[in-house]
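*Asks:* I have a structure I would like to understand better, so I am pasting it below and will then ask my questions one at a time.
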Amino acid sequence: AARGALAGGACLGLVLLAGAGAGCRGERRLDRPAALHASPWSGCDVLLISIDTLRADHLHTYGYPRATSPNLDRFAREAVLFEQNINTGGGTLPVHVSMLTSLPPAVHGVWADNGRALDSRRVTLAAQLHAAGYRTGAFTGGGYVSSSFGLAHGFDDFDETGGGLRAELPRLYGWLDGHQGGKRFLFLHTYDVHSGFDKLPYDHGEAWNRLFTAAAGVRFDGCRGGKCASRLLASVNQDAEAGRIRADQAFTPAEIEYIEGLYDGGIAYADAEIGQLFDQLKARGLWDKTLIVLTADHGEEFAEHGLFLHDQNHEEVARVPLLIRFPHARFGGRRISGLVSTLEVMPTILDALGIGANREVMGRSVLPLIAGGSGREGLPWVYMAGALEKLRAPTWALFANPKGPVQLFDLQRDPGEAANVLASHPAAAASLFAEYQAARRRDLAARRSLGSPSDAVAHLASGERARLRALGYLK
């Protein structure tokens, strides 16, 4: 993987640099390449923010007509926005492991349904920053972002109590205030946008629930046949996958719009909480000593392709936001169309801090793109999509299995992946399938090169099982 370091300032990736160490000089310009370790942000703190289940195209700054994200819209005007940031697939657990290791799921091998935890020999972002002298802390929603799955590797403090941003942020502020001086890395994760389990699927209280649903004229309490919220939507998915019903027939069009409005209200709720976080950073004098990057693990479906929640990897699930604010709003307002992915997070952060990436890293630093460089276009990414795998190229999306192509979508003409053009574009399908096979071989070779994985097993406490059931993951 390319690891070019650039001088003058770029802490990027899915990170929020929270609090600056003595060596953070974010006001300098990023004008020319420099040797590794020459970064003016080598002393900066780092905080990585992941808002679970946040799809990019439901943020106003990504073109959504509803005003779901006023704080993130203001943030985006001072940040770099990546228009095509694609996750690595497989859901919350494998994507977050990929985010923290820069290894694809096929390489790190941690999935929600195989009961495995991350091999302790793998080098995480937290572990590498800890070795570089950073105090490392995390505040997560638990569940599939918990120490049970090895995600605490490298963290000095790993708080998985959860409770949403309203509960997590005060603990985060306390951590910042209690660890002043020196360099700090913080990872913040929340399930606030995720579907819940109690009656309405995206329930954030009456005011937020009505924000985008008041005019819908729908009487829907979120329950059918004794099942509510996430459990109801998961049950509909099961019936749809078994061919008993089409998912979009389980609810009226008005009810689907109502459910989507609840989701948008959840985004607005999380946006308000993140706005308070930004205010607290400013109040502590950290705003312009901080590199801020915001992202997500996956999006959410509303029967666009026959299912709800996030069981597939069509664009509504695969494309997630990536917003990066450099100190003093350097590069503010820049929008980058080049294809990037979750794998970029770790190497880009390390590059920005002047730290060489470890030999396992498979992603690339995207600092050259931010600085106006080229040479990053066209690289395809493979990520899982249930029984199918998906190769996402800059203008194409190919769903395939080892036997051959299954679906092909022309994203320039059909960004919503509505029309399968496999039959009418055989040459493009063949070329992309060859890329897909090469990517599979690359991942399998990388997995072999890491050696036999340890027998790390995820042992879930009763509280973690209860949390996963609450999110609709476990029965």
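*Asks:* Within the chain, how many lysine pairs that are 8 or more places apart, or on different chains, have C-alpha atoms less than 15 Å apart?
*Replies:* Taking the Cα cut-off of 15 Å, the pair count is 4.
*Asks:* Sticking with this structure for a sec: Once you have a ≥ b ≥ c as the square roots of the Cα gyration tensor eigenvalues for the stretch 237-290, tell me rounded if a/c is under 1.5, and otherwise prolate or oblate according to whether a/b is larger than b/c.
*Replies:* In terms of gyration-tensor shape, prolate.
*Asks:* Follow-up. With a cut-off of 8 Å between alpha carbons and a minimum separation of six or more residues, what is the relative contact order of the stretch 205-316 in percent?
*Replies:* Contact order relative to length: 33 percent.
*Asks:* Then there is this: Convert each backbone phi in the stretch 415-424 into a coupling constant with the Karplus relation 6.51 cos²θ - 1.76 cosθ + 1.60 (shift: θ = phi - 60°), then list the ³J(HN,Hα) values in order as whole Hz, x for Gly and Pro.
*Replies:* x, x, 6, 8, 10, 6, 10, 4, 5, 8
*Asks:* How much length is gained if the chain between N114 and E83 is pulled fully straight, taking 0.36 nm per residue apart and subtracting their Cα-Cα distance, in nm to one decimal?
*Replies:* Stretched out fully, the N114 to E83 stretch lengthens by 7.9 nm.
*Asks:* Give the span of the chain's Cα atoms along each principal axis, as three whole-Å numbers ordered largest to smallest.
*Replies:* Each principal axis gives a Cα extent; for the chain these are 60, 52, 44 Å.
*Asks:* May I ask you to derive the relative contact order of the chain, considering only C-alpha pairs under 8 Å and at least 6 residues apart, and to give it as an integer percent?
*Replies:* Relative CO of the chain lands at 27 percent.
*Asks:* Specify whether the C-alpha gyration tensor of the stretch 240-378 places it in the rounded, prolate or oblate class, a ≥ b ≥ c being the square roots of the eigenvalues: rounded for a/c under 1.5, otherwise prolate if a/b is larger than b/c and oblate if not.
*Replies:* Note, shape of the stretch 240-378 comes out oblate.
*Asks:* Normalised by the residues of the stretch 251-363, what does the relative contact order come to in percent, with Cα pairs under 8 Å and at least six apart?
*Replies:* 19 percent
*Asks:* Using each residue's phi in the stretch 285-297, evaluate 6.51 cos²θ - 1.76 cosθ + 1.60 at θ = phi - 60° and report the 3J(HN,Hα) Karplus result to the nearest Hz, with x for Gly and Pro.
*Replies:* Using θ = phi - 60°, the values come out as x, 9, 4, 9, 10, 10, 9, 10, 10, 10, 8, 8, 8 Hz.
*Asks:* What's the long-distance tail for the stretch 147-225, i.e. % of Cα pairs beyond 22 Å?
*Replies:* That tail contains 46 percent of the Cα-Cα pairs.
*Asks:* Okay, next question. Go through G354, A242, T61 and say which Cα lies farthest out towards the positive end of the charge dipole of the chain; charges sit on Cβ, +1 for Lys and Arg, -1 for Asp and Glu.
*Replies:* Projecting each Cα onto the dipole axis, the largest value belongs to G354.
*Asks:* Please say if the stretch 123-185 is rounded, prolate or oblate, where rounded means a/c under 1.5 for a ≥ b ≥ c the square roots of the C-alpha gyration tensor eigenvalues, and otherwise the choice is prolate for a/b larger than b/c and oblate otherwise?
*Replies:* Oblate is the answer for the stretch 123-185, as a/c is 1.5 or above yet b/c matches or exceeds a/b.
*Asks:* For E255, put the label point 7 Å out on the Cα→Cβ axis and report which residues of the stretch 293-322 keep their amide N under 18 Å from it.
*Replies:* 301-309
*Asks:* Pop a pseudo-label 7 angstrom from the Cα along the beta-carbon direction at both A167 and N401 and give the gap in nm to one decimal.
*Replies:* Placing both labels 7 Å along Cα→Cβ, they lie 4.1 nm apart.
*Asks:* Give the residue from Y144, L367, L47 lying farthest towards the positive end of the charge dipole for the chain; charges sit on Cβ (+1 for Lys and Arg, -1 for Asp and Glu) and the dipole is referred to the Cα centre.
*Replies:* L367
*Asks:* Determine the percent antiparallel among the DSSP beta bridges restricted to the chain, to the nearest 5.
*Replies:* 55 percent
*Asks:* While we're looking at this one, here's another question. Taking the Cα centre as origin and putting +1 on Lys and Arg beta-carbons and -1 on Asp and Glu beta-carbons, what dipole magnitude results for the stretch 227-272, to the nearest 20 debye?
*Replies:* With Lys and Arg at +1 and Asp and Glu at -1, about 300 debye.
Values quoted throughout were computed directly from the atomic coordinates according to the rules given, and no laboratory measurement underlies them. Not measured: the values here are computed from a predicted model. Positions of Cβ are backbone-derived with ideal geometry, glycine not excepted, and every protein chain shown enters the neighbour counts.
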